[in-house]
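A.B. asks: Below: one structure in structure tokens.
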Amino acid sequence: MTETLRTDLEDVYGRYEELRSGVDELQRSIATMQVSSESEDGAVRATVDADGRLINLLLNPDACRDWDANTLARVIVQTVQNASADKYDQIENLVSHHRPAETEA
């Protein structure tokens, strides 16, 4: 094997290892992701996981007393939807930071 070919193969393997490591890190980051969103007035805080499942909901006691059930339900649903939308933005941001740098051919 020529020295040039050996060097090229080592470079390709090195880039492969970097890419694989980045993918593993990306998978770990997404798997452990939690995204929270708060209603405009701060009365409701919802946290979702990477799959968009609600994993935590915090309600200000005043909201429970002052709002009727329909208003509270609407604010909860909107806050959970906002958290889920923010989750997609964070995943997109993570993926864009883990893309390999463009290499010259």
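A.B. asks: Return the residues of the range 36-71 that are closer than 11 Å to Ser84 by Cβ and either aliphatic (A, V, I, L, M) or in contact (Cβ under 8 Å) with a residue 60 or more places away in the chain (or both); say none if nothing qualifies.
C.D. replies: Scanning the range 36-71 gives Ala46, Val48, Ala50, Leu54.
A.B. asks: I need every pair where a residue in the range 6-19 that is in contact (Cβ under 8 Å) with a residue 24 or more places away in the chain has its Cβ under 6 Å from the Cβ of a residue that is of a type outside the set (Val, Ile, Thr), sequence separation at least 6 or different chains.
C.D. replies: Taking only residues 6 or more apart or on different chains, the pairs are Leu19/Pro100.
None of the figures in this text is laboratory data; all of them are computed from the coordinates on show. Just so we're clear, the structure is a prediction, and the values are computed from it rather than from any experiment. For neighbour counting, all protein chains shown are included, and Cβ atoms are generated from backbone atoms with ideal geometry for every residue, glycine included.
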